[in-house]
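This structure is in C-alpha cells; I'll ask about it shortly.
Values quoted throughout were computed directly from the atomic coordinates according to the rules given, and no laboratory measurement underlies them. Note that the coordinates shown come from a computational prediction; the quantities given were computed from them, not determined experimentally. For neighbour counting, all protein chains shown are included, and Cβ atoms are generated from backbone atoms with ideal geometry for every residue, glycine included.
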Amino acid sequence: MLDRIAWERHFERTPMPSANTAPSNSTAPSASTAPSANIAVVGLAVMGSNLARNLASREGNTVAVYNRTTSKTDDLIAAHPEAGFVKAATMQELADSLQTPRTAIIMVKAGRPTDAVIDELVSVFEPGDIIVDGGNALFTDTIRREAAVRETGIHFVGCGISGGEEGALNGPSLMPGGTAESYATLGPILTGIAAVAEGEPCVTHVGTDGAGHFVKMVHNGIEYADMQLIAEAYDLIRRGTGKSPAEIADVFDEWNRGELESYLIEITAEVLRQVDADTGQPLVDVILDAAGAKGTGAWTVQTALDLGVPVSGIAEAVFARSLSSRLAQRAAATDLPGPSDAWQVDDADAFIEDVRQALFASKIVAYSQGFDEIVAAAVEHGWDIQKGEVARIWRAGCIIRARFLKDITKAYAEDPDLPALILAPYFRAAMASTHEAWRRVVVAAAQAGIPSPAFSSSLAYYDGLRADRLPAALIQGQRDFFGAHTYRRIDREGTFHTQWSGDRTEIAATDTH
Ligand code: NBP
C-alpha cells in the first residue's frame, strides 16, 4: 500500500491541486545548486543502470541517478564517467537536481518496493511532476497507483519496458500508459531511447492509467506461447528425425530467413549450438528441464479468465512450465504406459517443413488470442488502444520482435475492427496453407506420445473458432437439467427452461442463477 502518512505530509506542504495543474517552477525544495537534470532514474540494478546509460547517451538529456543503497550509485557513476550522471544521495537531492516538471523513472522490484519508492517521490515532488514506473507492475496495481498519485496533482505513468538488460541499454520497446498530458513531456524523452524499427521508434502512448502495463503483460504472455511452441518444434524434430541440437540449430537458422524470422528463433539456434565446457555435451542436454517463470504469463492467463477471453495457447505455455517443474511427480510417473520411444519419421525434410508450418499457424493463434485479450481489456477499462500501433512498437527492442508483426500492423490498418486477428486476409491465407501440416504434426505427436500442448491446443482453438456448431449446446442442456440455468434457442428470441423433473415441457424463463 502507498504510505498514507507520507502523503498526508505532502498535502500539508502543497495545496490540493488537480492533475491538470500547471507545473510549478520556483518552489523546488531547498536546491543547493541549480537543477541540472531533466530526467532521473530511481533503482540502479541491471535494468535501471542500463536505462540510465541509454538516457544519458542521448543528446539533450542530463540524468540524475538514485539508488536506495548509495554505493551502487557511486559504482555506476565511477564506471561511466562519460554519462555525466548527477548523483542524488537522497530523494530530496533527486528532486532538487531536476528541472520542472520533474520526471523520474522508477526501476525497482515490482510490488511493495515500488509502492515505497512512489511514496518517497510523492513526498518530494510537486504538482505537474511525473513519476514513471518502468518495472513489471501488475496493471491493476498501476490503475490503483495512478488514481492515488493523481490526487496529489502529480502524474503517474505505468510504462511497460521490454527487451531485458540489452534492450534497456541499446533501445527497448516502450509501452507507456498514463495521461496524454504527461506523455507530452515524457514522449520525446522515451522516443529518444526506444528501439527503432525501419526508422520508427518503438514507443507509443498506449492508453490511460494501466494500459501500458497491461499491454506489456500480454506481450509477455505471447512470449511464453512463442517460447513453448519453439520448444515443442525442437523436441518433435529431435525425437522424430534424430538430428542433434547443432543440426537443429541449422534448421532454426534457415527458418529465421523466412516468415518465422524473429529474435526468439534466432536465439534458439544459438542456445542449441552451445556446447557445455565441462561435459562436451550440448548445453541443452545438461540444463535441468524445469522451466522457471516470474509470473507475467500467469497474470495474462488469470486476467483472460476474468475477462472471459480464451488464451489457450498462452495458458498451455504457462501450464507446460508448471508441469516441467513438478520434478518429484514426473519422476514418479515415468513408468506410466505410452507408445514406445522408437519413433522415427520416414521423411525428415518433409516432417521438418510440417513442423515449421505448424509453428507458424500456432504462433498466429497465440498473437490472435493476445490481441483478443487487449481488445476485451480496452472495452472493460475504457482504453483507446490502437492494435496496429501495439504491433508496431513490438517490432524491435522487445523479446517477441518478429517479421510478421508488420503483417499485424497492416491487418489492423486495413480493418481496425477485425473481429479477430486471425480473420485478416493475410492470416486466413496463412491458415489455408498451413493447417494440413499442422494437423499432421499434432497427430504424429499424439501417436508418438510426445507432448505438444501448445501446438494441439492452438489447433483445437482454431477448429473451435471456425466450427458451425459447438457441443456447447449440450452443455447448456446439462446446465439447465441440474441447475435450471436456462438456455437460448436458435429459432426464436428469449430464454427457456425445460421442466426436467416434471413433464419435460419447455417454458419461457428468466435466468436467475
Ligand atoms: P530488481 O527487480 O532486481 O530490483 C532491484 C532494485 O530495486 C535495486 O535498485 C534495489 O535497491 C531496489 N529496491 C528494492 Br529490491 N527494494 C527497494 C525499496 N524498498 N526501496 C527502494 N529501492 C528498492 O532490478 P532489475 O532486474 O533491474 O529490474 C527492475 C524492474 O524492471 C523490475 O520491476 C523488473 O521486473 C523490471 N524489468 C526487468 C527486466 C529484466 O529483464 N530484468 C525487463 C523488464 C522489466 P538496492 O540496491 O538498495 O537493493
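Relative to the Cα centre, what is the charge dipole magnitude of segment 397-513, using +1 at the beta carbon of each Lys and Arg, -1 at the beta carbon of each Asp and Glu, and rounding to the nearest 20 debye? Walk me through the numbers on the way to the answer.
Numbers: 14 positive and 13 negative charges, 110 e Å.
Charge dipole of segment 397-513: 540 debye, to the nearest 20.
Write down, largest first, the equivalent ellipsoid semi-axes of the chain in whole Å, where each equals the square root of 5 times an eigenvalue of the alpha-carbon gyration tensor. Before the final figure, lay out the partial values.
Values: eigenvalues 402, 206, 84 Å².
Equivalent ellipsoid of the chain: 45, 32, 20 Å, largest first.
Under 12 Å from the Cβ of Phe404, count the other residues' Cβ atoms, weight Lys and Arg +1, Asp and Glu -1, and hand me the total. List each step's numbers first, then the result.
Working: positive: Lys363, Arg395, Arg401, Arg403, Lys406, Lys410; negative: Asp226, Glu259, Glu261, Asp407.
Residues close to Phe404 contribute a combined charge of +2.
Treating the beta-carbon of each Lys and Arg as +1 and of each Asp and Glu as -1, no other charges, what is the dipole magnitude of the chain about its Cα centre, to the nearest 20 debye?
On the way: 43 positive and 67 negative charges, 121 e Å.
Around 580 debye, computed over the chain.
Here's something else I'd like to know. Per residue of segment 152-162, in order, report the coupling 6.51 cos²θ - 1.76 cosθ + 1.60 (Karplus, θ = phi - 60°) as ³J(HN,Hα) in whole Hz, putting x for Gly and Pro.
Coupling constants for segment 152-162: 8, x, 8, 7, 10, 10, x, 10, x, 10, 10 Hz.
Give the order of Met107, Met175 when sorted by the count of other beta carbons within 10 angstrom, beginning with the fewest. Display every interim value, and only then the final one.
Details: Met107 25, Met175 31.
So the ranking, lowest neighbour count to highest, is Met107, Met175.
Would you compute, from DSSP H runs of 4+ residues alone, the mean residue ellipticity of the chain at 222 nm, taking -39500 (n - 2.57) per run and dividing by the full residue count, rounded to the nearest 500? Don't skip to the answer; put the middle values down first.
Numbers: 21 runs with 274 residues, N = 513.
My calculation for the chain gives -17000 deg cm²/dmol from helical runs alone.
What ranking do Tyr462, Tyr367, Tyr487 get, fewest neighbouring Cβ atoms within 10 angstrom at the top?
Values: Tyr462 22, Tyr367 25, Tyr487 18.
With the sparsest Cβ surroundings first, the list reads Tyr487, Tyr462, Tyr367.
So what is the relative contact order for the chain, in percent, with contacts set as C-alpha pairs under 8 Å and at least six apart? Before the final figure, lay out the partial values.
On the way: 925 pairs, mean separation 62.1, N = 513.
The value is 12 percent.
Let me ask you something else. Which loop-located trypsin sites (Lys or Arg not before Pro) does segment 256-364 contain, where loop means any DSSP state but H, G, I, E or B and the Cβ has at most 12 other Cβ atoms within 10 Å?
Details: sites: Arg257, Arg273, Lys294, Arg321, Arg326, Arg330, Arg356, Lys363; in loops: Arg257, Lys294, Arg326.
Filter output for segment 256-364: Arg257, Lys294, Arg326.
Something else about it: Would you list His80, His155 from fewest to most Cβ contacts within 10 Å? Could the numbers behind the result be given before it?
Numbers: His80 16, His155 27.
Sorted ascending by nearby Cβ count, the order is His80, His155.
Further question: Report, ordered by chain and residue number, the lysines lying within cross-link reach of Lys72, taken as a straight Cα distance under 21 Å and ignoring same-chain residues fewer than 8 apart.
Those lysines meeting the cut-off are Lys87, Lys109.
Further question: Can you tell me the dipole magnitude for segment 180-302 around its Cα centre, using point charges on the Cβ only (Lys, Arg +1; Asp, Glu -1), in Debye to the nearest 20?
280
Counting Lys and Arg as +1 and Asp and Glu as -1, what is the net charge of the other residues whose Cβ lies under 10 Å from the Cβ of Arg395?
Details: positive: Arg392, Arg401, Arg403, Lys406; negative: Glu198, Glu200.
So the surrounding residues net to +2.
For segment 85-182, what is the relative contact order in percent, using Cα pairs closer than 8 Å and at least 6 residues apart in sequence? Don't skip to the answer; put the middle values down first.
On the way: 139 pairs, mean separation 21.6, N = 98.
Relative contact order here is 22 percent.
Okay, next question. For Ala333 and Ile507, calculate 0.36 nm times their separation in residues minus their Cα-Cα distance, and state this gained length in nm to one decimal.
Working: separation 174, 0.36 × 174 = 62.64 nm, distance 5.06 nm.
Result for the pair: 57.6 nm of gain on full extension.
So who's got an amide H within less than 5 Å of the one on Gln274, skipping anything under 5 residues away but keeping other chains? H placed 1.01 Å off N, in plane.
The answer is Leu283.
Given H placed on each backbone N at 1.01 Å, which residues far from Val86 in sequence or on other chains put an amide H within less than 5 Å of it?
Amide H neighbours of Val86: Val63, Ala64, Val65.
Using the Cα gyration tensor of segment 365-505, with a ≥ b ≥ c the square roots of its eigenvalues, what is the shape: rounded (a/c below 1.5), prolate (a/b larger than b/c) or oblate (neither)? Provide the component values of the computation, followed by the final result.
On the way: a/c = 2.62, a/b = 1.54, b/c = 1.70.
Here segment 365-505 falls in the oblate category.
Give me, ordered by chain and number, the residues 5 or more places off Gly158 or on other chains with an amide H under 5 Å from its own placed amide H.
Asp133, Gly177, Gly178
I've got another one for you. Around His205, under 10 Å between beta carbons, what's the net of Lys plus Arg minus Asp minus Glu among the other residues? Write out the running numbers ahead of the final one.
On the way: positive: none; negative: Asp384, Glu389.
Value of the local net charge: -2.
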